[in-house]
Amino acid sequence: RAHLSYPSSRRQPGVDRVLSRDMAAKEPEIQPATDQPAVAKRADDRQSSHDSGSAVPPAVERRATRGSTLSFDDTTIIGGCRRAVLRSFAKIPADWDSNVFVTIFNYLRYGHLHTLRSMQPLLHPIASQDERRKLYGAYGIRSTGTLNLLTWRRSALYACFWIALGSAMLLAAVARESQDNLYKVQQQALLPTNGTALRGCRYEEQDPLVISFKDGDGDTQNVEFGRDPVRKCDMDFVEYQQEILLIALAKTTLPAKQVDSVLDLILAFFSWAALVPTLMALARWHRYGLSIKLVGLAWILTFLTPFIISIVPVRIFVDWDAMDNVLSDYMIEFREHFQTAEKEKLVLDLCDLIIDYEGNHPYYLVDNICSVVDLLPCESLDDGGCGLDVPGFDTLDTDLSELHIQCQNARQVIADGTDQQIIGEAKALCTTIKPYLSSEEGGAGSTELLVAVQEMVERMKDSIELGIGLSHAMMSFQIMVPAAISLAPGLIRGAMRAKTLVPQSSIPGMFILMLPWLYCPLVWCMYNIVFQLLGNLIMLMGLLLLAYGPMTYFVLGLHFNVTKPMTDHKMRQVLTWMNYYIIMYTSVAYLCIVYWLFFTDARKLIEEAIKEFKNPQLALSILFSILSKYLYTTLLGVDCMVNEIASQRRWETYLSTGVMPFASNKTPYMSDEAREGVKKLMQERTVRLDELVKVVGDK
């Protein structure tokens, strides 16, 4: 009780060593008689290891069990590699009171060892000799679990810093690219929407039509016929349609793009800001309480920023009025390009002639016109037509064959007697069309055409609106995916680490059983989208294993009762089985995915997608963001669980003894009034826990 009631700094010198030796000497007495020699040998080995400051205690012999243990023997290849890795950790210096430059040099020099140590399952001592000596000298820490906790956190912080640095650099590159895209959109939005200016249209005067002939005196005379100017454009209308669509999209999304650019800068800034508390936590790794707070701050900067950014309604910044103005200019250019008004006027004039025609028989009209055509001689041209070569004319290189053909057709119609029928049908058609073209019945003609174009424009506007909304949804999805995917796996890994460090606690075991049920359905929702678009049965098998494979933690945790207090040997057995099944299902899952990628029809789709994918920085930033958030969550999960375990231990001791262990005040004992309050809490706790035991035990 005295050992639990006072901080190590207030105990008398040598108390820890005496208590430790007494406990080590008594340890064989509480074991079964058959295990006394082995237990005594292990106690002596641990005591000699602590006294000598050895980095790695002597290897513990593998216990002989009946069929359920998968731990590796040091005599095997895997066991030998593991032993070599553990021995290599002895080179790592403590580096908490060294020069800054020396510390940086040592971290760079032994970075590979820190990386290896951050991946250790904490089943064996991983602290170096220097770290053991410094921690024991400063805090009196000698237990392997506490040493493993502090030294593993140090290496995990080192690995987390480099991954977070890579993520911050890639997010900065993405923000830079976002600025470049914003500049391009701004330049696109500055382009004119007027068709004449955008297409580079101009009106060019046409050369007059000149006909040369000889008069009666034999002199050559020229007759000029003027022609209207012709509108010519440097850009064809199809290209103009594509360009005007890009301009409309740029003008519409420019405010939203500006907001997106600012959000990318904020995300990159806070990613860099999270590196500061991470470095401070690494520099003060031995001060566990302070290091916990710094890691929590880094986790908040990393996780809360994407959540806050994702709730910004970027879509409300879209300027729909700008699209209306651009499409209005498009309709004006459409009418100008196709000259619908001029063609309508031509049709109206023709209909006026047909409707006003009162002749009973068009024979005289046709004969009058075609008799003139018959007088035009026709000589064969190179292209198969006929030209005009009459004395008095130099040359009129014009195809006259169409005139002769039309006259023949007109005479045939008159000979057949269908001329009156044709004129009647023409009058009826003009009577129907003319009111719409002349706007006598609400207006039509070019107006009808523009209405159709307007409907097309409205549909195009809806498509653009849908595309913009989908784009911003994908951006939010891209920001949130790393946080959503990495949260549950990081907590599961943290719970496994905490259970390994304190196997007697039930708190990590509850997380091990509950988190797979929260994580697996969420991941399958995302995998199912990919499967419905591209998948087959082989891909389905791989995605199912990847999504629901973490349920292994629940099944094995339930089988081994991880919520109950366990021994170190039992926890080692649980970890071995879990690692075995995790390696097995992940191997099968990735084999299925690889087979689907390279040996099915999906290979062509993937190759085309890779060719079209022009932003590898975005994919790498998502990957590094997932890894950094995963490591931050693992560290925070271990810290929170260990902190809660320690807090519960303090309150259990407080309720049992009336003394708060490691209290900050100088007098750890309480007044009589406070003691009465503690007694009341103890009674209430005892009554309620006993009642819960009765209720739970009633089966």
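From ASP180, ASP130, grab the single residue that is of a type in the set (Asp, Glu), within 30 Å of ALA268 (Cα to Cα) and modelled with pLDDT of 90 or more.
The conditions single out ASP180.
Right, ARG109: of a type outside the set (S, T, N, Q), modelled with pLDDT of 90 or more and open to solvent by 30 Å² or more (accessible area, probe 1.4 Å) or not?
On the way: of a type outside the set (S, T, N, Q): yes; modelled with pLDDT of 90 or more: yes; open to solvent by 30 Å² or more (accessible area, probe 1.4 Å): yes.
In short, yes.
Would you pick out the residues in region 285-295 that are crowded, with 17+ Cβ neighbours inside 10 Å and either in contact (Cβ under 8 Å) with a residue 60 or more places away in the chain or outside any helix (DSSP H, G or I) (or both)?
So in region 285-295, the residues crowded, with 17+ Cβ neighbours inside 10 Å come out as 285-286, 288, 291-292, 294-295.
Scanning region 285-295 gives TRP285, HIS286, TYR288, SER291, ILE292, VAL295.
Within region 111-121, can one find any residue that is in contact with a His (Cβ under 7 Å, 6 or more places away or on another chain) and under 21 Å from ARG572 (Cα atoms)?
No, region 111-121 contains no residue that is in contact with a His (Cβ under 7 Å, 6 or more places away or on another chain) and under 21 Å from ARG572 (Cα atoms).
Answer yes if at least one residue in region 297-319 is free of Cβ contacts under 8 Å to residues at least 24 places away in the same chain and buried (at least 16 other Cβ atoms within 10 Å of the Cβ), and no otherwise. Write out each step before concluding.
Here is the first cut: in region 297-319, the residues free of Cβ contacts under 8 Å to residues at least 24 places away in the same chain are 297, 300, 304, 308, 311, 313, 316.
So of that shortlist, the ones also buried (at least 16 other Cβ atoms within 10 Å of the Cβ) come out as 297.
For region 297-319, residues free of Cβ contacts under 8 Å to residues at least 24 places away in the same chain and buried (at least 16 other Cβ atoms within 10 Å of the Cβ): present.
Which one is farthest from VAL276 (Cα to Cα) among residues in region 135-157 that are hydroxyl-bearing (Ser, Thr, Tyr) and touching a Ser or Thr at 6+ places or on another chain (Cβ under 7 Å)?
Here the residue is TYR139.
Taking region 507-537 as the search range and keeping residues that are touching a helix residue (DSSP H, G or I) at 6+ places or on another chain (Cβ under 9 Å), open to solvent by 40 Å² or more (accessible area, probe 1.4 Å) and not hydrophobic (A, V, I, L, M, F, W, C), which one is modelled with the highest pLDDT?
PRO521
Hey, among the residues in region 574-583 that are over 12 Å from PRO121 (Cβ atoms) and in contact with a helix residue (DSSP H, G or I) (Cβ under 9 Å, 6 or more places away or on another chain), which one's surrounded by the most Cβ atoms within 10 Å (Cβ to Cβ)? Spell out how you get there, then give the answer.
First, pick out the residues of region 574-583 that are over 12 Å from PRO121 (Cβ atoms): 577, 580-581, 583.
Those left that are additionally in contact with a helix residue (DSSP H, G or I) (Cβ under 9 Å, 6 or more places away or on another chain): 577, 581.
Working: TRP577: 17, TYR581: 14.
Top of the filtered list is TRP577.
For region 504-530, how many residues meet the condition of being among the hydrophobic types (A, V, I, L, M, F, W, C), under 16 Å from ASN561 (Cα atoms) and free of Cβ contacts under 8 Å to residues at least 60 places away in the same chain? Step through it out loud before you land on a result.
Taking region 504-530 first, the residues among the hydrophobic types (A, V, I, L, M, F, W, C) are 507, 510-515, 517-518, 520, 522-526, 529-530.
Checking which are under 16 Å from ASN561 (Cα atoms) leaves us with 507, 510-515.
Cutting the leftovers down to free of Cβ contacts under 8 Å to residues at least 60 places away in the same chain gives us 510, 512-515.
Count: 5.
Are any residues in region 273-284 open to solvent by 60 Å² or more (accessible area, probe 1.4 Å), in contact with a Leu (Cβ under 6 Å, 6 or more places away or on another chain) and assigned to a helix (DSSP H, G or I), and if so, which ones? Outline the logic, then answer.
From region 273-284, those open to solvent by 60 Å² or more (accessible area, probe 1.4 Å) are 276, 279-280, 284; that's our starting set.
So of that shortlist, the ones also in contact with a Leu (Cβ under 6 Å, 6 or more places away or on another chain) come out as 280, 284.
Result: MET280, single match.
Which condition number in (1) modelled with pLDDT of 75 or more; (2) open to solvent by 60 Å² or more (accessible area, probe 1.4 Å); (3) in contact with a Pro (Cβ under 8 Å, 6 or more places away or on another chain) is the one that ALA483 fails?
Among (1) modelled with pLDDT of 75 or more; (2) open to solvent by 60 Å² or more (accessible area, probe 1.4 Å); (3) in contact with a Pro (Cβ under 8 Å, 6 or more places away or on another chain), the lone unmet condition for ALA483 is (2).
Would you call GLY542 closer than 30 Å to HIS124 by Cα, small (Gly, Ala, Ser) and part of a helix (DSSP H, G or I)? So that I can check it myself, show each step before the final result.
Details: closer than 30 Å to HIS124 by Cα: no; small (Gly, Ala, Ser): yes; part of a helix (DSSP H, G or I): yes.
The answer is no for GLY542.
Go through the residues of region 312-322 one by one and say whether even a single one is modelled with pLDDT under 90 and closer than 19 Å to ALA484 by Cα. Steps first, answer last, please.
Initially, region 312-322 is screened for residues modelled with pLDDT under 90, giving 312-322.
Then drop every residue that is not closer than 19 Å to ALA484 by Cα, which leaves 312.
Yes.
In region 167-176, is there at least one residue being assigned to a helix (DSSP H, G or I), open to solvent by less than 60 Å² (accessible area, probe 1.4 Å), touching a Lys or Arg at 6+ places or on another chain (Cβ under 9 Å) and more than 30 Å from LEU246 (Cβ to Cβ)?
Yes, there is a match, as at least one residue in region 167-176 is assigned to a helix (DSSP H, G or I), open to solvent by less than 60 Å² (accessible area, probe 1.4 Å), touching a Lys or Arg at 6+ places or on another chain (Cβ under 9 Å) and more than 30 Å from LEU246 (Cβ to Cβ).
Testing GLN504 on (1) open to solvent by 50 Å² or more (accessible area, probe 1.4 Å); (2) in a helix (DSSP H, G or I), one condition comes back false. Which one is that?
Unmet for GLN504, out of (1) open to solvent by 50 Å² or more (accessible area, probe 1.4 Å); (2) in a helix (DSSP H, G or I): (2).
Look at region 125-154 and say how many of its residues are outside any helix (DSSP H, G or I) and either touching a Phe, Trp or Tyr at 6+ places or on another chain (Cβ under 6 Å) or open to solvent by less than 50 Å² (accessible area, probe 1.4 Å) (or both).
The initial filter retains those residues of region 125-154 that are outside any helix (DSSP H, G or I), namely 125-128, 140-143.
Those still in the list that are either touching a Phe, Trp or Tyr at 6+ places or on another chain (Cβ under 6 Å) or open to solvent by less than 50 Å² (accessible area, probe 1.4 Å) (or both) too: 125-128, 140-142.
The qualifying residues number 7.
Report, ordered by the first and then the second residue, all pairs with beta carbons closer than 8 Å, sequence separation of six or more or different chains, a first member in region 130-156 that is within 20 Å of LEU294 (Cβ to Cβ), and a second member that is part of a loop (DSSP other than H, G, I, E, B) and of a type in the set (Gly, Ala, Ser).
Taking only residues 6 or more apart or on different chains, the pairs are GLU131/ALA94; LYS134/ALA94; LEU135/ALA94; LEU135/ALA127; LEU150/ALA127; THR151/ALA127; THR151/SER128.
The values are calculated or read from the model by the stated rules, or taken from the named source; none is laboratory data. Owing to the predicted nature of the structure, the values given are computational and were not obtained by experimental measurement. Here the Cβ is made from the backbone with ideal geometry for all residues, glycine too, and neighbour counts use every protein chain on show. Keep in mind that these areas ignore ligands, DNA and RNA; they rest on the heavy atoms of the full protein, side chains included. Shrake-Rupley method; radii C 1.70, N 1.55, O 1.52, S 1.80 Å.
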